[in-house]
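*Asks:* Below is the structure I would like to discuss, written out as structure tokens.
Where a number appears in this text, it was derived from the coordinates with a stated rule and is not lab data. Computed from a prediction, not measured in an experiment: that's the story for all the values here. In this analysis, Cβ positions are derived from the backbone assuming ideal geometry, glycine residues included, and neighbour counts consider all displayed protein chains.
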Amino acid sequence: MEKLDEEERQPLAKATKTQELIAALEGIKERTQKQQRLLDRVNGYPSKTITGAVTQLLKPGLPQFLYSSHYDRMVGQLRLDTYNARKQGQQQPPIEVGERVFLDFLEYAGTSLEEINRATTYEGLNARCEAASNRITQQLLEYWTQNPTLEIEVRVTKAELNDPPPFNQGVIARARVRNNLHKLTLPFSERSAGFIWFFSFLVKFAQVRKTGDNLGSGAFLGSGLISPRRMASCRPCINSASFSLAWLKANLTVTIGNSTWLVDLTASHFCLPPTR
């Protein structure tokens, strides 16, 4: 990169910001070729600032972060016929975080609100729900190893008049958990807090990985890395819910130098894994 000589730099000496530099260059009536090339280069930066140029250079290599808090837990049911109107602000109340996670859950299960709304027959709707139920159950059992008898069911039905509002009108999508050992189902919302939290995190994590443009080599938000020495003996639990250590090793790892680190299982801050 060419450098300005002392005489060319003198009119620019008081400039401390990019805009001041541009103004100083534009104020020179007869610019030298190097001054003109500098002005052209700076005007070509994003937002015409050095910050914009640095951001453009660094952003593609930055990792993406995922924070899953206690409050980002999926709801167990969602009224479908008013969702789009609420999303567009045409109806109240506004969409809550847990409802957005429910929509992510449907997509994670291999369907969507649009596909369900397009179903015009009972068999068509039932086929979509069963396919979604089977897919999400397979994903769950891969990681939730403490109870292999559980299944996730997706049901879409007309509202019942005596249910609490807003689920007493319209079309309702529900997530239920079937326990094949006891031959019964429970609403998703009645499962343990640990199960709900983990399942919600699993759905959210999958969606971020699916839509992320650049997951880099992994980055950590907050404290709580486990060193390689502790990896073999770490406890496979989070929020009192036991699940597969194999999933952690495959998904929640960070490479620093020549070492692989696991995320501390007692923390609610997680990193996105390297793209494989």
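*Asks:* Of the chymotrypsin sites (Phe, Trp or Tyr not before Pro) in region 10-100, which ones lie in a loop per DSSP and count no more than 15 other C-beta atoms within 10 Å?
*Replies:* Working: sites: F65, Y67, Y71, Y83; in loops: Y71.
Counting only loop positions with at most 15 other Cβ atoms within 10 Å, the chymotrypsin sites (Phe, Trp or Tyr not before Pro) in region 10-100 are Y71.
*Asks:* If you don't mind, there's one more thing I want to ask. With only Lys, Arg, Asp and Glu charged, each at its Cβ (+1 for the first two, -1 for the last two), find how big the charge dipole of region 6-61 is about the Cα centre; round to the nearest 20 debye. Can you show the working numbers first?
*Replies:* Details: 10 positive and 7 negative charges, 42 e Å.
Value, rounded to 20: 200 debye.
*Asks:* Show me, for region 3-17, the HN-Hα J-couplings you get by feeding each phi into the Karplus relation (A = 6.51, B = -1.76, C = 1.60, θ = phi - 60°), rounded to Hz, glycine and proline as x.
*Replies:* Whole-Hz 3J(HN,Hα) from phi for region 3-17: 10, 6, 7, 4, 5, 6, 7, 4, x, 9, 4, 8, 6, 10, 10.
*Asks:* Separate question: Please list, in order along region 183-196, the HN-Hα scalar couplings obtained from phi with the Karplus expression 6.51 cos²θ - 1.76 cosθ + 1.60 (θ = phi - 60°), rounded to whole Hz, x for Gly and Pro.
*Replies:* 6, 8, 10, 10, x, 3, 5, 9, 6, 5, 4, x, 5, 4
*Asks:* Sticking with this one: At 7 Å along Cα-to-Cβ for each site, give me the label-to-label distance between N126 and F167 in nm.
*Replies:* Simple spin-label model gives 2.3 nm for this pair.
*Asks:* Could you compute the net charge surrounding P187? Neighbours are other residues with a C-beta less than 11 Å from the C-beta of P187; K and R count +1, D and E count -1.
*Replies:* Numbers: positive: R155, R174, R176, R191; negative: E153, E190.
Net of charged neighbours comes to +2.
*Asks:* Over the Cα atoms of region 66-207, each weighted equally, I'd like the Debye log10 I(q)/I(0) at q = 0.19 Å⁻¹, rounded to two decimals.
*Replies:* Debye intensities relative to I(0), on a log10 scale: -1.23.
*Asks:* What is the distance in Å between the Cα centres of region 74-105 and region 165-197?
*Replies:* Each part's Cα centre sits 17 Å from the other's.
*Asks:* So, one more: For the cross-link pairs K34/K59; K17/K210; K29/K59, which exceed 31 Å when the distance is taken from alpha carbon to alpha carbon? Walk me through the numbers on the way to the answer.
*Replies:* Working: K34/K59 29 Å; K17/K210 39 Å; K29/K59 37 Å.
Cα-Cα > 31 Å for K17/K210; K29/K59; rest within.
*Asks:* Can I ask one more? Which FRET efficiency, nearest 0.05, do T51 and E26 yield, Cβ-Cβ r, R0 22 Å?
*Replies:* Details: r = 20 Å, r/R0 = 0.89.
Calculated transfer efficiency: 0.65.
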